[in-house]
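Since the structure comes first, as structure tokens, the remarks are kept for the end.
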Amino acid sequence: MSSTMTDAAPTKSATPGDRVDKSNPRVREMFRQIAPHYDKMNHLLSLNVDKYWRSQAVRRLRIFPNHPILDTCTGTGDLAIAISAKADPTVDVVGSDFCHAMLEIARDKRDPGKPSSRISFLEADSQTLPFADDTFQCVTVAFGLRNVADTDRGLLEMTRVCLPGGQLMVLEFSQPRMIGLKQAYGFYFRNVLPRIGQWFARNDKSAYEYLPESVGQFPDGQAMADRMTAAGLIDVRFTPLTFGVATIYEGTKPGILPSQGLA
């Protein structure tokens, strides 16, 4: 969900004045404002389809015993919690985010006696992750990479901390290509979503104006796959969901994942 810098290549032509402001202070404050309403708004504005998207991402993860998993830009922790429910008890799940208010909600969602109770949530910028090289068998991010201002730097950090042979997965909004749906989706994102979001959350409307702006300037489809390849990943592929409203991107770090323990 959260993190920060400036993409080198937006997906559409834009003058400097058109660029969405993804500076650390702005993004952190924006998510601090909407944190109490973040989960309800996600479910409402997506008609609960966001739960299906996360379930599809988790289903594609290759999870082995004894190796930890990192969910970056974890926000309120929904993906990390879903991963913990699938993972073996020997798998440590870590959720990182640079917005303290979002992490507080994630920590409160841990359920004693259930797999989520084992998740460690920590405050960290996804552009400078505080982990050693080759640590995690899977590194994931859901609806957060577009908030990392330097997309390439974020991908490089995710790749760095991933174990050789491990999996990197990105779940992110994308642009539908189907005629009719593309126009309807664009109208909803630009005109309806910001108004509903502002009314529901009662916060600065810029938070919900930021969403369509950030999605519109974020690389999707093959452009995003190319970024992942440039970060050093192999076997990169992407799967559109719900007619292309969201997309799952998968890549593998070159090497062989150790069969037991940590390398």
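So which of 97, 92 ends up being acidic (Asp, Glu), modelled with pLDDT of 95 or more and in contact with a Pro (Cβ under 8 Å, 6 or more places away or on another chain)? Give the derivation first.
Numbers: 97 fails: in contact with a Pro (Cβ under 8 Å, 6 or more places away or on another chain).
Going through 97, 92 in turn, the sole match is 92.
Can you work out which of the residues in the range 61-80 that are surrounded by 24 or more Cβ atoms within 10 Å (Cβ to Cβ) and at positive phi is nearest to the chain's Cα centre (by Cα)?
Only one residue fits best here, namely 73.
Tally time: how many residues in the range 111-124 are touching a helix residue (DSSP H, G or I) at 6+ places or on another chain (Cβ under 7 Å) and free of Cβ contacts under 8 Å to residues at least 24 places away in the same chain?
Total meeting the criteria: 1.
Please identify the pairs in which a residue from the range 45-58 that is closer than 14 Å to residue 141 by Cβ has its Cβ atom under 9 Å from the Cβ atom of a residue that is polar (S, T, N, Q), counting only partners at least 6 apart or on another chain.
Listed by first residue and then by second, the contacts come to 53/46; 53/242; 57/140; 58/140.
Residues to consider are 3, 13; find the one that is modelled with pLDDT under 70, of a type outside the set (Phe, Trp, Tyr) and in contact with a Phe, Trp or Tyr (Cβ under 6 Å, 6 or more places away or on another chain).
Among 3, 13, only 3 is modelled with pLDDT under 70, of a type outside the set (Phe, Trp, Tyr) and in contact with a Phe, Trp or Tyr (Cβ under 6 Å, 6 or more places away or on another chain).
Only one of these is closer than 27 Å to residue 221 by Cβ, modelled with pLDDT of 80 or more, within 14 Å of the chain's Cα centre (by Cα) and not acidic (Asp, Glu): 48, 42. Name it.
42
Just to be sure, is residue 88 outside any helix (DSSP H, G or I), open to solvent by 20 Å² or more (accessible area, probe 1.4 Å), acidic (Asp, Glu) and over 17 Å from residue 250 (Cβ atoms)?
So residue 88 passes the test.
Name the strands (runs of 3 or more DSSP E) wholly within the range 111-217 that hold at least 2 residues that are under 24 Å from residue 237 (Cβ atoms) and modelled with pLDDT of 90 or more? Please lay out each step first, then the result.
Numbers: elements: 120-123, 136-142, 162-173.
Strands (runs of 3 or more DSSP E) meeting the threshold: 136-142, 162-173.
Restricting to the range 243-256, what's the tally of residues that are buried (at least 18 other Cβ atoms within 10 Å of the Cβ) and within 19 Å of residue 185 (Cα to Cα)?
Of the residues in the range 243-256, 5 are buried (at least 18 other Cβ atoms within 10 Å of the Cβ) and within 19 Å of residue 185 (Cα to Cα).
Spot the failing condition for residue 136; the list is (1) open to solvent by 10 Å² or more (accessible area, probe 1.4 Å); (2) farther than 25 Å from residue 214 by Cα; (3) of a type in the set (Phe, Trp, Tyr); (4) in contact with a Gly (Cβ under 9 Å, 6 or more places away or on another chain), and only one is missed.
Every condition holds for residue 136 apart from (1).
Does the range 180-195 include one or more residues that are more than 17 Å from residue 83 (Cβ to Cβ), surrounded by fewer than 24 Cβ atoms within 10 Å (Cβ to Cβ), aromatic (Phe, Trp, Tyr) and without any contact (Cβ under 8 Å) to a residue 24 or more places away in the chain? Even if it seems obvious, please write down each step before you answer.
Pass one, the range 180-195, residues more than 17 Å from residue 83 (Cβ to Cβ): 180-195.
With the extra rule that they be surrounded by fewer than 24 Cβ atoms within 10 Å (Cβ to Cβ), the set shrinks to 180-195.
With the extra rule that they be aromatic (Phe, Trp, Tyr), the set shrinks to 185, 187-189.
If we keep only those that are without any contact (Cβ under 8 Å) to a residue 24 or more places away in the chain too, we end up with 187-188.
Yes, the conditions are met somewhere in the range 180-195.
Select from the range 160-179 the residues that are open to solvent by 10 Å² or more (accessible area, probe 1.4 Å) and not β-branched (Val, Ile, Thr) and list them in ascending order. Explain how you work it out, then say what you get.
Step one: list which residues in the range 160-179 are open to solvent by 10 Å² or more (accessible area, probe 1.4 Å), which gives 160, 164-165, 173, 175, 177-179.
Passing the criteria: 160, 164, 165, 173, 175, 177, 178.
Just give me the residues in the range 242-256 being part of a strand (DSSP E or B), touching a Ser or Thr at 6+ places or on another chain (Cβ under 7 Å) and within 15 Å of residue 61 (Cβ to Cβ), in sequence order. Step through it out loud before you land on a result.
Going through the range 242-256, the residues part of a strand (DSSP E or B) turn out to be 246-252.
Now restrict to residues that are touching a Ser or Thr at 6+ places or on another chain (Cβ under 7 Å): 246-248.
Hit for the range 242-256 is 248, nothing else.
The values are calculated or read from the model by the stated rules, or taken from the named source; none is laboratory data. Bear in mind the structure is a predicted one, so any value in this text is a computation, not a measurement. As a convention, Cβ positions derive from the backbone with ideal geometry for all residues, glycine included, and neighbour counts pool all protein chains shown. Accessible surface areas use protein heavy atoms only, side chains included; no ligands, DNA or RNA. Shrake-Rupley method; radii C 1.70, N 1.55, O 1.52, S 1.80 Å.
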